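Please read the structure below before turning to the comments.
The values are calculated or read from the model by the stated rules, or taken from the named source; none is laboratory data. Predicted model, so just to flag it, every value in this text is computed and none were measured. Virtual Cβ from ideal backbone geometry, glycine too; neighbours counted across all protein chains shown.
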Amino acid sequence: MIVEKNYGLLLVFQIDHLSGEEIGWILETGQISGLRNRQLIPTLTKKGRPGYILLLDVDPKFEVEAIQAVSTYLPVFGYHRLGTQHVIRKGTSRVVTVLIKSKRRTIEAQMHLRLFSFSKGMYHFFLESDDLGVLHQRIRDELKIEVSPLEIKQRLTFLLNESPRKRIELKI
């Protein structure tokens with residue numbers, strides 16, 4: 001069921017003059033205000049050279065900030081600007097408190113879940129990737145433990161699927 005429509009802006013950059021290292025820098029533009037999503041698509045240009053298409057899904061109020069952030073990494077000579085309408089399926093959000101316990105210390109974090117019902121009593125959820133990134137960094141910095149974001153996600157998903165509570169413990 002569709003319940004919400006958000007108006008957005010899709011900024012499209014055609015890139016055919018940067019090295020792989022420089023392309024990597026573009027992906028570091030994660031701290032753009034109003035950025036909802038980013039994708040980099042490999043392409044072949046009209047002359048058979050490798051190229052890329054960078055798509056930035058931004059809140060229209062933040063177009064200038066997005067262009068300024070990209071301009072630090074990419075000489076922007078022009079871009080395509082497409083008005084969009086993001087149609088969102090009905091779902092709910094929930095915050096779960098996660099206690100990460102190591103042998104020496106415990107940290108607490110908040111994780112946002114987006115829940116989507118697909119039949120009576122059954123649901124599917126997504127952990128917000130920004131929360132997962134922050135949690136990964138905190139585990140590395142505060143607990144001094146190296147664990148991949150994928151492993152954290154898999155373990156949290158397992159615990160939440162077993163019993164969807166508002167507070168869960170993850171031992172690392």
Quick check, is Ser102 farther than 26 Å from Leu127 by Cβ and of a type in the set (Gly, Ala, Ser)?
no
Identify the single condition in (1) free of Cβ contacts under 8 Å to residues at least 12 places away in the same chain; (2) part of a strand (DSSP E or B) that Arg38 does not satisfy, given that it satisfies every other one.
(1)
Qualifying positions in segment 45-63 - surrounded by 11 or more Cβ atoms within 10 Å (Cβ to Cβ) and either free of Cβ contacts under 8 Å to residues at least 40 places away in the same chain or closer than 24 Å to His17 by Cβ (or both):
Thr45, Pro50, Gly51, Tyr52, Ile53, Leu54, Leu55, Leu56, Asp57, Val58, Phe62, Glu63
Which condition from (1) loosely packed, with under 10 Cβ neighbours inside 10 Å; (2) within 30 Å of Met111 (Cβ to Cβ) is the one that Arg94 breaks?
(1)
Check segment 16-26 and report whether any residue there is in a strand (DSSP E or B) and in contact with a helix residue (DSSP H, G or I) (Cβ under 9 Å, 6 or more places away or on another chain).
no
Here are some residues: Gln68, Gln85. Which one is surrounded by fewer than 11 Cβ atoms within 10 Å (Cβ to Cβ) and at pLDDT 80 or above?
Gln85
Look through Leu135, Leu127, Leu143 and report the one residue that is at pLDDT 90 or above, surrounded by 14 or more Cβ atoms within 10 Å (Cβ to Cβ) and touching a helix residue (DSSP H, G or I) at 6+ places or on another chain (Cβ under 7 Å).
Leu135
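Yes or no, residue by residue, for (1) modelled with pLDDT under 90; (2) of a type in the set (D, E, K, R); (3) within 18 Å of the chain's Cα centre (by Cα):
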site	(1), (2), (3)
Glu28	yes, yes, yes
Gln31	yes, no, yes
Lys46	yes, yes, no
Asp57	no, yes, yes
Lys61	no, yes, no
Val76	yes, no, no
His80	no, no, no
Checking Phe77 against (1) exposed (fewer than 11 other Cβ atoms within 10 Å of the Cβ); (2) among the hydrophobic types (A, V, I, L, M, F, W, C); (3) part of a strand (DSSP E or B), only one condition comes out false. Which one?
(3)
Restricting to segment 127-153, name every residue that is outside any helix (DSSP H, G or I), more than 21 Å from Arg165 (Cα to Cα) and not hydroxyl-bearing (Ser, Thr, Tyr).
Leu143, Lys144, Ile145, Glu146, Val147
Which numbered condition trips up Tyr7, out of (1) out of contact with any helix residue (DSSP H, G or I) (no Cβ under 9 Å at 6 or more places or on another chain); (2) exposed (fewer than 11 other Cβ atoms within 10 Å of the Cβ)?
(1)
Can you tell me which residue in segment 26-71 is nearest to Gln85 (Cα to Cα), limited to those that are of a type in the set (S, T, N, Q) and in contact with an Asp or Glu (Cβ under 9 Å, 6 or more places away or on another chain)?
Asn37
